[in-house]
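A.B. asks: So that we are looking at the same thing, I have put the structure below in structure tokens.
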Amino acid sequence: MQEIEALKQATLLNRAAFFNKISDTQKQSDRAQEQQVQIISYDTGTRTYKVKHPNGSQGFAKAISNSSNLCKGAYVSLVQPKGTTTATIDTVPKG
């Protein structure tokens, strides 16, 4: 019985370590994407920003604040909220 309990404990520890590794990898990936999208223009009709991604593709994003950082040529980060099709510009600096 002690062997089974030891295996259960080892499994739980391995599972936690694996989750932490995946979480850290995702955070590193997210940090690498920060400040990579450039603002091209602002569309007053749709109230969205036209942005250019690092791979050259263009798209639209909305801002939830009117920060002074949101100007033509500025590099910003994008966040894709679940259940939406339009990305949101993230102006909060990450530590």
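A.B. asks: Among the residues of the stretch 23-63 satisfying the criterion of being aliphatic (A, V, I, L, M) and at pLDDT 90 or above, which is farthest from the chain's Cα centre (by Cα)? First the steps, then the outcome.
C.D. replies: Filtering the stretch 23-63 down to residues aliphatic (A, V, I, L, M) leaves 32, 37, 39-40, 51, 61, 63.
Adding the requirement that they be at pLDDT 90 or above leaves 39-40, 51, 61.
Numbers: 39: 17, 40: 20, 51: 15, 61: 13 Å.
Top of the filtered list is 40.
A.B. asks: Looking at 41, 65, 23, which is the one that is in contact (Cβ under 8 Å) with a residue 12 or more places away in the chain and not in a strand (DSSP E or B)?
C.D. replies: Numbers: 41 fails: not in a strand (DSSP E or B); 23 fails: in contact (Cβ under 8 Å) with a residue 12 or more places away in the chain.
Result of the check over 41, 65, 23: 65.
A.B. asks: So, one more: Say we look at the stretch 79-95 and pick out the residues that are among the hydrophobic types (A, V, I, L, M, F, W, C) and either over 23 Å from residue 27 (Cα atoms) or at pLDDT 85 or above (or both); which of these is surrounded by the fewest Cβ atoms within 10 Å (Cβ to Cβ)?
C.D. replies: So the residue we want is 87.
The values are calculated or read from the model by the stated rules, or taken from the named source; none is laboratory data. These numbers were taken from a predicted model, which means no experiment stands behind them. We place every Cβ from the backbone using ideal geometry, glycine too, and count neighbours over all the protein chains shown.
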